[in-house]
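Okay, so here's the structure we're looking at.
Just so it is clear, none of the values below were taken in a lab; they were calculated from the coordinates. Being a predicted model, the structure only gives us computed values, none of them experimental. No Cβ is skipped: glycine too gets one built from the backbone with ideal geometry, and neighbour counts run over all protein chains shown.
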Amino acid sequence: MNFNDLVNKRQSNRAYSAKPVEKDKIEQCIEAARLSPSACNSQPWKFIIVDKPDLKSKIAQTTSNSLLPLNHFTNQAPVHVVLVNEGSNFTAILGNKIKNRNFSLIDIGIAAEHFCLQAAELGLGTCMIGWFNEKEVKKLLHIPNKKRPELIITIGYPSDKQRIKKRKKTDKIVSFNKY
């Protein structure tokens, strides 16, 4: 698959079949994420693969509540991947302070997209979720207090159809040499 086809294929899937995801495919996605670039090569991430049905169901429950009907699809996904911010190395931390920018969040976003693009190439669907009960996720997965789960990625075989992407026109998002 060429890169443009892959980018067009990758979408946020919100419906999954019950078919289990093969471990080797998850490992390929992790390897793609592991090879992603990071500020000062800090690699500030840890991936927690949640595939035990009971635990996965509890993680899915953290992504929704009765007040906001978000993410009810998450329980369908056979696997959840929790990305934990492990913190940057010394040089990236110094850069964070000098530039007033959290490079580890950028790095985790890049790694997450590498993961999702690899999944799409393997015929899997994903959805990145930032809305979840962080405290409960930390408790369920025994994440140390000083670490922070930043994203949950659902992964599985999609049962929803490929959608036509609705995006802003290029001239609305690009300019050359000035704002």
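The table for this structure:
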quantity: Among Thr154, Ala15, Leu67 the positive-end extreme of the charge dipole of segment 10-159 (Cβ point charges); calculated: Leu67
quantity: Value of relative contact order over the chain, rounded to a whole percent, pairs C-alpha under 8 Å and six or more apart; calculated: 35 percent
quantity: In Hz, Karplus ³J(HN,Hα) per residue of segment 40-53 (6.51, -1.76, 1.60; θ = phi - 60°; x = Gly, Pro); calculated: 6, 6, 6, 6, x, 10, 9, 9, 10, 8, 10, 10, 6, x
quantity: For segment 122-171, diffusion coefficient by Stokes-Einstein and Kirkwood Rh (Cα), 4 °C, 1.567 mPa s, µm²/s; calculated: 93 µm²/s
quantity: Calculated from backbone phi, Karplus (6.51, -1.76, 1.60) coupling profile of segment 17-33 in Hz, x at Gly/Pro; calculated: 7, 7, 4, x, 8, 5, 4, 5, 6, 4, 4, 5, 5, 4, 4, 4, 5
quantity: Sequence-distant lysines (8 or more away, or on other chains) whose Cα lies within less than 25 Å of Lys58; calculated: Lys19, Lys23, Lys25, Lys46, Lys135, Lys138, Lys139, Lys146, Lys147
quantity: Sequence-distant residues sharing a close amide H with Arg148 (under 5 Å, placed H); calculated: Asn85
quantity: Other-chain or far-sequence residues with amide H under 5 Å of Ser17's (modelled H); calculated: Tyr157, Ser159
quantity: Sorted peptide list for 146-155, 91-100, 159-168, criterion being average Cβ within 10 angstrom, highest first; calculated: 146-155, 91-100, 159-168
quantity: Positive-end extreme of charge dipole, segment 10-159 - chosen from Ala112, His142, Gln43 (charges on Cβ); calculated: His142
quantity: Size of electric dipole in the chain: Cβ of Lys, Arg +1 and of Asp, Glu -1, about Cα centre, debye, nearest 20; calculated: 700 debye
quantity: Evaluated over the chain, the Cα radius of gyration and Dmax, each in Å; calculated: 17.2, 53
quantity: Integer Hz, Karplus 6.51/-1.76/1.60 couplings in order for segment 137-154, x for Gly and Pro; calculated: 4, 4, 5, 4, 9, 6, 7, x, 3, 7, 9, 10, x, 9, 9, 10, 10, 7
